[in-house]
Amino acid sequence: MYIFPDSIALSSLSKNKGDTINVIHEKANPTVPTGVYDGAKYLGPTPTDEELSTLRKVAGPVSGSGYLLCTVEFAERASYYGCSWVFANFIQFPLPKGGNGAGAPPRGSEETAGALGKGLQVSSALVLLFKFLAYCIPILGGWWADTRLGRYKMICIGVAVCGIAHVVMVGGAVPKVLQDGNGMAPFVINLLVLAFGAGLFKPNISPTVIDQVTFKKPFIRTLKSGERVIVDPETTIQRLTLTFYGELSCTSMERTTF
């Protein structure tokens, strides 16, 4: 049995004599408007080829979750860059005399901040290890999310792991711990855990942000001014990702404030 709309000719369906073809004429439901849908919500009519080439393209609406995820990325990058920027001095130089006991030099002095006093070689090795892990573990984080847990759960796990790392970092930077020479072990644990958490978080946040643009096809909208525009998913994704990387870039200002 074949089902064809009214406009399709049947002359070329079969050239063999004796074939039986049952035809059911199927008509469109006039109560359902044709166009672009977001789930069950009607967004607007589909633009023609001429409209695609002549009308202005604008960004469409994005749910608040998209911008909330951008803020989460801002917080995670602030965590990452805020720590990695001070790791080198913290490892290399000893506690400055007259400081606060947690690594800061005396107020108004020209001394270098430090805490562990392990020298340049150890400092360089640990900082490079941290960066290496932070950029390699995302391979595992992306694979794990795609095959096992999903991106949202992996983002939550990454945030939780980074939070644990910061708790360990604060505990290892207590003046009593540093002054007794016991700061190295908690610092190395913090470094490894923080790199692991960043590696789980980073590969999953940007695609999840893009997923917040739920409509996949352009549609026509008439503005209050009377102008007809095309609401374009690609333009919407561009605006959202610009916000995402704009907030990410703001974390670099931490390097100029300390």
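The values are calculated or read from the model by the stated rules, or taken from the named source; none is laboratory data. As the structure is a computational prediction, the values presented were derived from the model and not from experiment. Heads up, the Cβs are rebuilt from the backbone with ideal geometry, glycines too, and the neighbour counts pull from every protein chain shown.
Just one of the listed residues (192, 200, 242, 248) is buried (at least 21 other Cβ atoms within 10 Å of the Cβ) and in a helix (DSSP H, G or I), and it is 200. Candidates in region 146-177 are the residues that are more than 21 Å from the chain's Cα centre (by Cα) and surrounded by fewer than 15 Cβ atoms within 10 Å (Cβ to Cβ); of these, the one that is farthest from residue 105 (Cα to Cα) is 167. Applying a threshold of 7 Å to beta carbon distances and a minimum spacing of six or more residues, or different chains, the list of pairs starting in region 25-50 at a residue that is of a type in the set (D, E, K, R) and ending at one that is at pLDDT 85 or above and in a loop (DSSP other than H, G, I, E, B) reads 38/214; 38/215. Taking the conditions (1) more than 14 Å from the chain's Cα centre (by Cα); (2) modelled with pLDDT under 90 in turn, residue 248 satisfies each one other than (1). Using beta carbons and a limit of 6 Å, which pairs, at least six apart or on different chains, have the first residue in region 235-246 and touching a residue at least 40 places away in the same chain (Cβ under 8 Å) and the second one crowded, with 19+ Cβ neighbours inside 10 Å and part of a helix (DSSP H, G or I)? Hits for this filter: 240/66; 243/70; 244/70; 244/209.
Residue 215 meets the conditions (1) modelled with pLDDT under 90; (2) farther than 23 Å from residue 64 by Cβ; (3) touching an Asp or Glu at 6+ places or on another chain (Cβ under 7 Å) in every case but one. The failed one is (2). In the set (1) more than 18 Å from residue 221 (Cα to Cα); (2) modelled with pLDDT of 55 or more; (3) part of a loop (DSSP other than H, G, I, E, B); (4) not hydrophobic (A, V, I, L, M, F, W, C), the condition left unmet by residue 31 is number (2). When region 79-93 is limited to residues that are modelled with pLDDT of 85 or more, part of a helix (DSSP H, G or I) and among the hydrophobic types (A, V, I, L, M, F, W, C), the one that is surrounded by the fewest Cβ atoms within 10 Å (Cβ to Cβ) turns out to be 88. Does region 117-160 hold any residues that are under 19 Å from residue 70 (Cα atoms) and of a type in the set (Val, Ile, Thr), and which are they? Once the filter is applied, which keeps residues that are under 19 Å from residue 70 (Cα atoms) and of a type in the set (Val, Ile, Thr), region 117-160 yields 155, 157, 159. The residues listed here are 127, 58; of these, the one that is modelled with pLDDT of 90 or more, touching a strand residue (DSSP E or B) at 6+ places or on another chain (Cβ under 8 Å) and of a type outside the set (Phe, Trp, Tyr) is 58.
Per-residue answers, yes or no, for (1) within 30 Å of the chain's Cα centre (by Cα); (2) closer than 25 Å to residue 78 by Cα; (3) surrounded by fewer than 13 Cβ atoms within 10 Å (Cβ to Cβ); (4) of a type in the set (Val, Ile, Thr):
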residue	(1), (2), (3), (4)
99	no, no, no, no
109	no, no, yes, no
128	yes, yes, yes, no
134	yes, yes, no, no
144	yes, yes, no, no
